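Novice: Supplied in structure tokens, the structure appears directly below.
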Amino acid sequence: MKLQQLRYVWEVARNGMNVSAAAQSLFTSQPGISKQILQLEEELGVQIFVRNGKHLSGLTPAGQRILEEAGAVLLRMDNIRAIAREFTDEKSGSLSIATTHTQSRYVLPAIISRFVSQYPSVSLHMHQGTPLQIAEMAARGAADFAIATESMELAGDLIMMPCYRWNRVLLLPQGHALLAVERLTHADIARFPIVTYVSGFTGRAKLDDAFRAHDLVPHIVVTAADADVIKTYVRLGVGIGIVASMAWDATKDADLVAVDISHLFDFSTTRIGFRRGAVLRGYMLDFIEMFAPHLHPALIRAAIATRSQHELDVLFAAVPIPILR
């Protein structure tokens, strides 16, 4: 059994049973991967993949168990390399971040600019996706960090630390009737067509829950994952907008009026997650602290030492989580 064979199995599974895609990601040939996997199956005496003709369609029960162990072995190998690099060249390497549009567009630019200035020899890669895709990328090792708000709690293989809490603003065109209302209610907002985030993005679940709790069914006329798209449709008069507070810029969005509606909705929490058992290099710890200053190295190490999400929640119960306005 060779380590490379385990990596081939891992990459094929990570790429949806697509051997060609795995070959591209590993910069090798498709026939070479197929040959090595067959040799591994012959050596082990079990099939790892379910085959439909020449195509792989899934994992066998034995293959699922082997994949789990292969992931653990590859993680340990990556950790050994990370430890070695930390002692040989602590300020160079790579950092891969999977996150949503809202984070990459409105929150991360200043952090990344500062990080790149401090670590010019670190190659930084950004990947955007849905919260579920983001969590999966980090859990599988395709990204070092996952940063998102929703669905992160579903990724049991990640250590997820709270970074900041945030709420929403209502975006209205100048002169809109709702500007005359001193303190808005859910019913006030539900009277108008709404443009907001698509389900599964940027705290949308808390918005839906709040209306449901008041027996209201809002008319969601347009949804998008991108706050800039939401603003565009508000400007066109399609509806009123509900976006994350950090997505409104007083200068760039001066033609719109932002009304604080944090009294109507529960706060959402954005978290940063990484694989349980992963070794974090010095510049990775620095990135986390730049993004969330309360996540200092000692607290991160305490989080790494936890054995479950419950222990992690207990750890952070006494930690003040800042509110991002």
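The values are calculated or read from the model by the stated rules, or taken from the named source; none is laboratory data. This one's a predicted model, so the numbers in the text were calculated from it and none came from an experiment. When we count neighbours, we look across all protein chains shown, and the Cβ atoms used for this are built from the backbone with ideal geometry, even at glycine. Ligands, DNA and RNA are stripped out before the accessible areas are found, and what is left, the full protein with its side chains, is counted by its heavy atoms. Shrake-Rupley method; radii C 1.70, N 1.55, O 1.52, S 1.80 Å.
Novice: Please verify whether region 155-173 includes one or more residues that are over 20 Å from the mean Cα position of the chain (by Cα) and under 27 Å from Y8 (Cα atoms). Before you say what the answer is, go through the steps one by one.
Specialist: So in region 155-173, the residues over 20 Å from the mean Cα position of the chain (by Cα) come out as 169-173.
So of that shortlist, the ones also under 27 Å from Y8 (Cα atoms) come out as none.
Checking region 155-173: not a single residue is over 20 Å from the mean Cα position of the chain (by Cα) and under 27 Å from Y8 (Cα atoms).
Novice: Which numbered condition in (1) exposed (fewer than 15 other Cβ atoms within 10 Å of the Cβ); (2) of a type in the set (A, V, I, L, M); (3) closer than 24 Å to D157 by Cα is the only one that A292 fails?
Specialist: (1)
Novice: Of the residues L285, L216, L184, which is surrounded by fewer than 20 Cβ atoms within 10 Å (Cβ to Cβ), in contact with a His (Cβ under 6 Å, 6 or more places away or on another chain) and either in a loop (DSSP other than H, G, I, E, B) or not hydroxyl-bearing (S, T, Y) (or both)?
Specialist: L216
Novice: Oh, and also: Take the residues in region 2-55 that are over 22 Å from G141 (Cα atoms) and of a type in the set (A, V, I, L, M); name whichever of them is surrounded by the most Cβ atoms within 10 Å (Cβ to Cβ).
Specialist: Of everything passing the filter in region 2-55, L40 is surrounded by the most Cβ atoms within 10 Å (Cβ to Cβ).
Novice: Also: Which of the residues that make up region 99-137 are in contact with a Ser or Thr (Cβ under 9 Å, 6 or more places away or on another chain) and touching a residue at least 60 places away in the same chain (Cβ under 8 Å)?
Specialist: T100, H101, T102, Q103, V107, L108, Y119, V122, T130, P131, L132, A135
Novice: Now, a different point. Output the residue which, of all residues in region 193-213 that are among the polar types (S, T, N, Q) and at pLDDT below 95, is surrounded by the fewest Cβ atoms within 10 Å (Cβ to Cβ).
Specialist: First, pick out the residues of region 193-213 that are among the polar types (S, T, N, Q): 196, 199, 202.
Filter again for at pLDDT below 95, leaving 199, 202.
Details: S199: 12, T202: 31.
Looking at the filtered set, the residue picked out is S199.
Novice: Please determine, by comparing only the residues of region 101-136 that are among the aliphatic types (A, V, I, L, M) and open to solvent by 50 Å² or more (accessible area, probe 1.4 Å), which one is farthest from W166 (Cα to Cα).
Specialist: First, the residues of region 101-136 that are among the aliphatic types (A, V, I, L, M): 107-108, 110-112, 116, 122, 124, 126, 132, 134-135.
Remaining after also requiring open to solvent by 50 Å² or more (accessible area, probe 1.4 Å): 110, 116, 126, 132.
Numbers: A110: 18, V116: 26, M126: 22, L132: 20 Å.
Of everything passing the filter in region 101-136, V116 is farthest from W166 (Cα to Cα).
Novice: Which members of region 269-280 meet the condition of being part of a loop (DSSP other than H, G, I, E, B) and hydrophobic (A, V, I, L, M, F, W, C)? I'd like the intermediate steps shown before the answer.
Specialist: Keep residues of region 269-280 that are part of a loop (DSSP other than H, G, I, E, B), which gives 276-280.
Those that are part of a loop (DSSP other than H, G, I, E, B) and hydrophobic (A, V, I, L, M, F, W, C): A278, V279, L280.
Novice: Of the numbered conditions (1) in contact (Cβ under 8 Å) with a residue 12 or more places away in the chain; (2) of a type in the set (V, I, T); (3) surrounded by fewer than 17 Cβ atoms within 10 Å (Cβ to Cβ), T232 fails exactly one; give the number of that condition.
Specialist: (1)
Novice: A follow-up question, please. Got a sec? Which of S25, S20 is part of a helix (DSSP H, G or I), modelled with pLDDT under 85 and among the hydroxyl-bearing types (S, T, Y)?
Specialist: Unique residue meeting the criteria: S25.
Novice: A follow-up question, please. Hey, among D266, D228, which residue is part of a helix (DSSP H, G or I) and charged (D, E, K, R)? Write out each step before concluding.
Specialist: Values: D266 fails: part of a helix (DSSP H, G or I).
After applying the criteria, what remains is D228.
Novice: Still on this structure, I have one more. Can you tell me which residue among D209, D228 is within 21 Å of the chain's Cα centre (by Cα), within 25 Å of P131 (Cα to Cα) and of a type in the set (D, E, K, R)?
Specialist: Result of the check over D209, D228: D228.
Yes/no per residue for (1) modelled with pLDDT of 95 or more; (2) open to solvent by 50 Å² or more (accessible area, probe 1.4 Å); (3) touching a strand residue (DSSP E or B) at 6+ places or on another chain (Cβ under 6 Å); (4) not β-branched (V, I, T):
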residue: T270; (1), (2), (3), (4): no, no, yes, no
residue: R276; (1), (2), (3), (4): no, yes, yes, yes
residue: A298; (1), (2), (3), (4): no, yes, no, yes
residue: A303; (1), (2), (3), (4): no, no, yes, yes
